[in-house]
Structure formats: structure tokens, C-alpha cells
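Laboratory data are not the source of any read-out in this text; all were calculated from the coordinates shown. Predicted model, so just to flag it, every value in this text is computed and none were measured. No Cβ is skipped: glycine too gets one built from the backbone with ideal geometry, and neighbour counts run over all protein chains shown.
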Amino acid sequence: MNTLKLLAVMVLTLTLSALSLTTEEGGYKIGDVATDFSLENIDGKMVSLSDFKDAKGFIVVFTCNTCPYAVAYEDRVEALNKKYASKGYPVIAIMPNNTDVKPGDNMEAMKARAKAKGFTFPYLMDKGQKIYPQYGATKTPHVYLLEKTKKGNIVKYIGAIDDNYKDASAVKTKYVENAVDALLQGKEIEVKETRAIGCTIKV
């Protein structure tokens, strides 16, 4: 009887793990068209990708205030916007967490953080948590590089910003920069997917 109970528990655990894996693997793949959204920015205005008429694409970053990984990357995200917004690839940051679970990520906290850090990019709230599941984001930070085409905003890169979250000075491979540079030069992106390193999105 004990053996049967143990087997039942093992089967249930494996089933739940499989369901969890399926959920995490949902969302956009390379080559998919990302649908537009309308999310509230820290200035109270609603922001959509279609607002950026002159953009060639977008560096969409799912991030937050409370995750140590996201905080470690804040300056690098700002640097990406300063480097690429003028070249047609602005950063669009989206805060995906449930603020009931993480009150430190509420709109007031987002405003305060953006002001303290001097963010030059939109910092949007995924109110109702409807957008991050469409993308398939699971971490903060989690990056989706989009290229604007006649077909829509095509997903060209998914994953981490670079290969060293601990130390910006020790980074060897800048995944996002390499991907954007390739698009600007009309070349194929060499590394199209990497594993995002960060905190799980809180639901």
C-alpha cells in the first residue's frame, strides 16, 4: 500500500512539473509576430508600440524594482536605451509582477525608482498581467527584441541581456547589443535565444 501511495505521489509530481514546464514554454518563438499592447506608463499615459512611428524595432524588457537581478541590470538597460533609441530601437520596460504579492513594484514605487535612476525609457505596468504570458516571459529581467516589418513586430531575439549579471565589467558576450547591431547592419543574428537569468515573475 505504501508503494502505491509513493507511486501516486511521484506521478502527481511529474504531472505538475510537466504542466509547469508547458506554461513556461508558452509565448512567442523566434519569427513570431508580437501583438501590440496599451499599458500605463509612470507618467500616467498609455503607451503602445504603434506610438513609435519612427522606430525600426523595440528592446522590450520585462523588469521590476524588487528583484536583485533586475536591479543589477538597471544601468545596463538604461545604457541600451541611450545607445539604440536614437538608432531606432528604443527600450520599452514592462513591470509584470502582481503588486499584491510584491507591493514594492506598485506604480508609486515604479515612479520613485525611475526618478531615482533617471530612466529615459517608458516604464509600463502590466496591469492584470495580460501581456507577459503572451510573450512567454518567466523572469525579471527577460528581453524580447522586436523588428518592425510590414508583417508586424517580428521577434528576433529572446533571453538575457548579457552573460554576466553579477559584474557588468566582466561581461564577455553582450547578447542584446550583438543582436541589435546585427539588425542595424542587415545581418543574421548569431545567437537568437539564451536563458534569461533572474527572479520568477510573481503571479
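A full extension of the chain between residue 106 and residue 184 corresponds to an added length of 24.6 nm, given 0.36 nm per residue minus the alpha carbon distance. Against the main long axis of the alpha-carbon atoms of the chain, helix 68-84 sits at an angle near 30°. Here r is the Cβ-Cβ distance between residue 195 and residue 36 and R0 is 25 Å; the resulting FRET efficiency, rounded to 0.05, is 0.40. Which one of 59, 42, 94 has the biggest mean-square fluctuation once the chain is modelled by GNM with Cα springs under 10 Å? Evaluated over the chain, the most mobile residue of the options is 42. Site pair residue 203 and residue 172 shows an inter-label distance of 3.5 nm when each label is modelled 7 Å from Cα along Cα→Cβ. The angle between the Cα long axis of helix 107-117 and the main principal axis of the chain comes to about 50°, on a 0 to 90 degree scale. The fraction of all Cα pairs in the chain landing in successive 5 Å bins from 0 to the largest distance is 1, 7, 15, 20, 20, 15, 9, 5, 3, 2, 2, 1, 0, 0, given as whole percents.
Taking Cα atoms only, the orientation of helix 175-184 departs from the longest principal axis of the chain by about 50 degrees.
With R₀ fixed at 22 Å, the C-beta to C-beta distance from residue 50 to residue 127 puts the FRET efficiency at about 0.70. Take the alpha carbon gyration tensor of the stretch 141-203, find the square roots of its eigenvalues, order them as a ≥ b ≥ c, and report rounded if a/c is under 1.5; if not, report prolate when a/b exceeds b/c, else oblate. Oblate is the answer for the stretch 141-203, as a/c is 1.5 or above yet b/c matches or exceeds a/b.
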